[in-house]
Amino acid sequence: MAFSKFGLSPSILKGVKAMGYVDPTPIQLRAIPLLMEGRDVIGSAQTGTGKTAAFALPILTRLDQPKGFPRALILEPTRELAAQVETAFRDFARFTQFQIAVLYGGVGYGRQLDALKTGSDIVVGTPGRLLDHLQRGTCKLDRIEFVVLDEADRMLDMGFLPDVRRILERCPRHRQTSLFSATIPPEIETLIQWAMRKPETIEIGARRAPAETVRHAVYPVAEDQKNDLLLTLLDQVQYDSVIVFCRTKHRADRVAQLLKRANHAVAVLHSNRTQREREQALRGFRDGRFEVLVATDIAARGLDIADVSHVVNYDVPQHPEDYVHRIGRTGRAQATGDAFTIMVTEDARHMEAIERFIGRSIERCKLPGFDYHYTILMDAEKQRRGIVPGRVTGVRLSGGYFFGPAKRRRR
């Protein structure tokens, strides 16, 4: 089914063609017709499946003509996602006169006020900064017709749901509301019952399933050897680009410094970085100036980062859903990728929870030539059997895959 069959306006179809879109993805095939009919929609799909276009194209078509005041509101949990979605809307609407404002914290109010004063038809924003504008009286939502709550479970994790309710109370009751979320915990169910009208639920693929093209491996190690193992792993693995996920901002900074001292080209992404630093990090990683991006879970969802060959969990995520989102940064669009997780003793129960969540066991592996300190994890893994294929050579020993050295690919 071509995009032309959805009833999209000619100018929006022209924008779609200019973006190089050919065939709709499954989430687009199912969501666009419902949104074009005016239905409320709950959408769930794996990362990298094109959900932004799934809600942007029908909204732009149904807005029809610019009217000089906000009629569509898209809420995002982070600045990066807000900026990314705003860019997508601008690309799709390039052959129209629609004005788009993006509102997020960490930057001044000047450009945002200018965008609102010029009469924006679409507002993309994070809850905190949008509430600031509402309280200042610089943004009004009394004529909103379309609301999108994107990455709703992430907004829940970040404590934004009370702000979301306050924002929705400023919008007209008669509106179209769509919600996209990887999981639907009870708090979001409550929000759905309050904010939506008989929503249609769309689920593309298993919510718990990582991409089938991603290969997994876990590396047990003593706590005091995590840094050495990370450095050795990166030296032995043949990679194009790597995202290293850390649990906290401070640890991300420390790991980035460690890798820089080892002559890696490194960028850092977390919420303590200024907006300019975050944009520079993402831009540099995308265009190849940085081979490694060290990040917190702020980079785990939604960000459009293509061609990531490897994800390394320096810290095991404490929530199984976060594991799926992290490794979703690789293996996108049917490309292959590798997900490596460094595990210490205190991580064992979290790793078991992840395996239960994704419905599969992940092989424990060792690096050849690495001088391991004893850890109880070594004994625990002696009973595990099987092979995890990887991009590096090795031989199977004691049920694990001992990866042999492989030349690192430099940019």
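Which helices (runs of 4 or more DSSP H) does the range 1-105 wholly contain that include 1 or more residues that are more than 23 Å from the chain's Cα centre (by Cα), in contact (Cβ under 8 Å) with a residue 60 or more places away in the chain and surrounded by fewer than 18 Cβ atoms within 10 Å (Cβ to Cβ)?
Working: elements: 10-18, 26-36, 51-63, 79-92.
Once the helices (runs of 4 or more DSSP H) in the range 1-105 are filtered for at least 1 residues that are more than 23 Å from the chain's Cα centre (by Cα), in contact (Cβ under 8 Å) with a residue 60 or more places away in the chain and surrounded by fewer than 18 Cβ atoms within 10 Å (Cβ to Cβ), what remains is 10-18.
What's the total number of residues in the range 66-82 that are within 25 Å of ASP153 (Cβ to Cβ) and touching a strand residue (DSSP E or B) at 6+ places or on another chain (Cβ under 7 Å)?
Of all residues in the range 66-82, those within 25 Å of ASP153 (Cβ to Cβ) come to 72-82.
Next cut, touching a strand residue (DSSP E or B) at 6+ places or on another chain (Cβ under 7 Å) only: 72-76, 82.
Of the residues in that region, 6 qualify.
Is the range 40-58 home to any residue that is modelled with pLDDT of 90 or more and over 27 Å from GLU189 (Cβ atoms)?
First, pick out the residues of the range 40-58 that are modelled with pLDDT of 90 or more: 40-43, 52-58.
Subset that is over 27 Å from GLU189 (Cβ atoms): 57.
Yes.
Among the residues of the range 126-147, which ones are within 23 Å of LEU179 (Cα to Cα) and outside any helix (DSSP H, G or I)?
THR126, CYS139, LYS140, LEU141, ASP142, ARG143, ILE144, GLU145, PHE146, VAL147
Quick one: is GLN383 closer than 30 Å to PRO24 by Cα and modelled with pLDDT under 70? Working first, answer last.
On the way: closer than 30 Å to PRO24 by Cα: no; modelled with pLDDT under 70: yes.
No; evaluated as a whole, the condition is false for this residue.
Does the range 114-121 contain at least one residue that is in contact with a Gly (Cβ under 6 Å, 6 or more places away or on another chain) and either surrounded by 17 or more Cβ atoms within 10 Å (Cβ to Cβ) or part of a strand (DSSP E or B) (or both)?
No, the range 114-121 contains no residue that is in contact with a Gly (Cβ under 6 Å, 6 or more places away or on another chain) and either surrounded by 17 or more Cβ atoms within 10 Å (Cβ to Cβ) or part of a strand (DSSP E or B) (or both).
For the range 361-372, give me each residue that is exposed (fewer than 12 other Cβ atoms within 10 Å of the Cβ) and in contact (Cβ under 8 Å) with a residue 24 or more places away in the chain. So that I can check it myself, show each step before the final result.
Restricting attention to the range 361-372, the residues satisfying the condition of being exposed (fewer than 12 other Cβ atoms within 10 Å of the Cβ) are 369, 371.
Selection gives GLY369 alone.
Would you mind finding the one in ASP153, ASP224 that is assigned by TED's automatic domain parsing to the domain that holds ASP338, modelled with pLDDT under 95, out of contact with any strand residue (DSSP E or B) (no Cβ under 6 Å at 6 or more places or on another chain) and under 30 Å from VAL308 (Cβ atoms)?
Details: ASP153 fails: assigned by TED's automatic domain parsing to the domain that holds ASP338.
Answer to the selection: ASP224.
Got a number for residues in the range 257-286 being polar (S, T, N, Q), at pLDDT below 85, more than 15 Å from PHE245 (Cβ to Cβ) and not in a helix (DSSP H, G or I)?
2
If PRO172 satisfies all but one of (1) over 30 Å from VAL292 (Cβ atoms); (2) outside any helix (DSSP H, G or I); (3) at pLDDT below 95, what's the number of the condition it fails?
(3)
The values are calculated or read from the model by the stated rules, or taken from the named source; none is laboratory data. All values derive from a computational prediction rather than experimental measurement. Using ideal geometry, Cβ is built from the backbone for each residue, glycine included, and neighbour counts are taken over all protein chains shown.
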